[in-house]
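For reference, the structure is listed below as structure tokens.
The values are calculated or read from the model by the stated rules, or taken from the named source; none is laboratory data. It should be emphasised that the depicted structure is a prediction, and the values quoted were computed from it without experimental measurement. Positions of Cβ are generated from backbone atoms using ideal geometry, with glycine treated the same way; all protein chains shown enter the neighbour counts.
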């Protein structure tokens, strides 16, 4: 039996709560790994047409709250600019590739694939291992703006408090609130 297709809106900017768990026992995401995962997410948020609204990186899973933009937001000039920033100023994107990148750079599945593959390559190289790192496919839910979004962001930021890692969510540097408070943004 095939996979059930994800419900994805591509007709307007859409907010998603995205979650993914590791397949490894224990808590393989230690401080160094969380820093690297955050760097990968931040870099890809600049490449893709996505806004990172909230996040929390835990020892064995992560949550992202993202707004995926539509193809209309991805002008040819902006795609070329992001392509060169991602792959280097000397990188060449051919005219027929622009439309392919337009579809890819607004696609939640492609965004998550790049995050998870990029981190798995890093982790496996660092640990001199092979194989998968992440468990099942990522999970995603569409979120309405307003109270639903505010409640979700609170839920995500309170994850380390519920896990007993910190007393206050702003003390956890791998969450949206903690990141903003500790960076002074």
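Among the residues of region 109-138, those identified as in a helix (DSSP H, G or I) and surrounded by fewer than 13 Cβ atoms within 10 Å (Cβ to Cβ) are 121, 125, 126, 127.
Within region 64-72, not a single residue is at pLDDT below 95, over 22 Å from residue 140 (Cβ atoms) and exposed (fewer than 14 other Cβ atoms within 10 Å of the Cβ).
Surrounded by 14 or more Cβ atoms within 10 Å (Cβ to Cβ), on the phi < 0 side of the Ramachandran plot, in contact (Cβ under 8 Å) with a residue 12 or more places away in the chain and outside the structural domain of residue 47 (by TED's automatic domain parsing) - does that describe any residue in region 159-167? Looking through region 159-167, none of the residues is surrounded by 14 or more Cβ atoms within 10 Å (Cβ to Cβ), on the phi < 0 side of the Ramachandran plot, in contact (Cβ under 8 Å) with a residue 12 or more places away in the chain and outside the structural domain of residue 47 (by TED's automatic domain parsing).
Scanning region 53-75 for residues that are within 19 Å of residue 110 (Cα to Cα) and assigned to a loop (DSSP other than H, G, I, E, B) gives 69, 70, 74, 75. Within region 21-32, is there a residue that is at pLDDT 95 or above, over 10 Å from the mean Cα position of the chain (by Cα) and within 17 Å of residue 140 (Cβ to Cβ)? Taking every residue of region 21-32 in turn, at least one turns out to be at pLDDT 95 or above, over 10 Å from the mean Cα position of the chain (by Cα) and within 17 Å of residue 140 (Cβ to Cβ). For region 82-99, indicate whether the set of residues that are crowded, with 18+ Cβ neighbours inside 10 Å and either under 23 Å from residue 16 (Cβ atoms) or in the same structural domain as residue 168 (by TED's automatic domain parsing) (or both) is non-empty. The answer is yes; a qualifying residue exists. Residue 138 passes every criterion in (1) more than 30 Å from residue 169 (Cβ to Cβ); (2) at pLDDT 95 or above apart from (1).
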